[in-house]
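Nothing in this text is a laboratory measurement; each read-out follows from the coordinates by a stated rule. This one's a predicted model, so the numbers in the text were calculated from it and none came from an experiment. Glycine also receives a Cβ, built like all others from the backbone with ideal geometry; neighbour counts cover every protein chain displayed.
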Amino acid sequence: MHVDAYLDRLDYDRPTAPTFETLGRLQRAHMLAVPFENLDVHLGVPIVLSVPAFYEKIVTGRRGGFCYELNGLFAWLLGQLGFPVTLLSARVASPGGLSPEFDHLALLVETEGRWLADVGFGDSSLDPLGLDSGPEREREANTYSIEEGAGAWTVRRRMPLLESWEPQYVFSLAPRRLEEFAERCLFQQTSPESHFTRNLICSRPTNTGRVTLSGTKLIVTQGERREEREVRGAEELRGLLAAEFGIEIGIEEGERLAMRTRARALLS
């Protein structure tokens, strides 16, 4: 595994000193370059908690991944650059309450303060969120809040035109090991109750909004403007993955993904 190859994957050059400026630039570059995606779940390819496996997939194979892969590998990069990094377990918020422990992996990075770094939650802040630097941070149209109470920290997002805050996830600062996420990682990719098995997702922010492939739909947002259309067939799916996300898949893989997303759409 090579740091320079990883930085090339992010189209990132300087700076690399372990400062907050570097952390912010790295997180933004990572999210813009590496999509949040679950293609392997729908292709039947096992996702194993191994940093070399993450590197092979994301850097060498120019793919994306979900939280365990993206933040697991980002932690390795930050550590190689001299940042103190701690793996954190988070519970994702939903209308039904909080998910189990280890449902999400996030990172605590300590440099010029304490920062929550996260390149693996999908639609979230492009910037690290400060645990010591105030409650809010603007990112394009959204505002993010990180607040502590009773030993737990909550990340919230306020959407445009809404006064209320939407909780995203809750975490503690207890240090975790990558292998502790194994059981939940297996659930995410195999259980019919997992939202990752229920729907194909590939998403990344852009400089003006976000582009997302969700099931059979392509969704493009630019500011407050949103466009949505159906993706028809394996050939179009393969073309969109390449053009919008930099992911090249074979003809057979494209057919399998298209068949699964069509079947899911019919059942929903």
Within a Gaussian network of the chain (alpha carbon springs, distance under 10 Å), most fluctuating of Ala90, Ala174, Ala29: Ala174
Gain on full stretching of the segment that runs from Met159 to Val3 - 0.36 nm per residue minus C-alpha separation: 52.6 nm
Local electrostatic count, Ser214, Cβ distance below 12 Å [Lys/Arg +1, Asp/Glu -1]: +1
Acute angle (nearest 10 degrees) that the helix 234-245 long axis makes with the longest principal axis of the chain, alpha-carbon atoms: 20 degrees
Check: the range 1-127 dipole with +1 on Lys, Arg Cβ and -1 on Asp, Glu Cβ, in debye: 60 debye
Distance between modelled label sites at Glu148 and Glu255, nm, 7 Å Cα→Cβ extension: 5.6 nm
Efficiency of FRET from Cβ geometry, Glu193 and Arg14, R₀ 51 Å, rounded to 0.05: 0.70
Added length on full extension, which subtracts the Cα-Cα distance from 0.36 nm per residue, Ser214 to Ala263: 16.3 nm
Listed residue (Gln80, Gly113, Phe181) projecting farthest to the positive dipole end of the chain, Cβ model: Phe181
GNM top mover of Asp13, Asp127, Asp40 - the chain, alpha-carbon springs below 10 Å: Asp13
With Cα atoms, 0 to 90° folded angle of helix 20-33 axis to the chain main axis: 10 degrees
Cβ charges +1 (Lys, Arg) and -1 (Asp, Glu), total dipole of the chain, debye: 480 debye
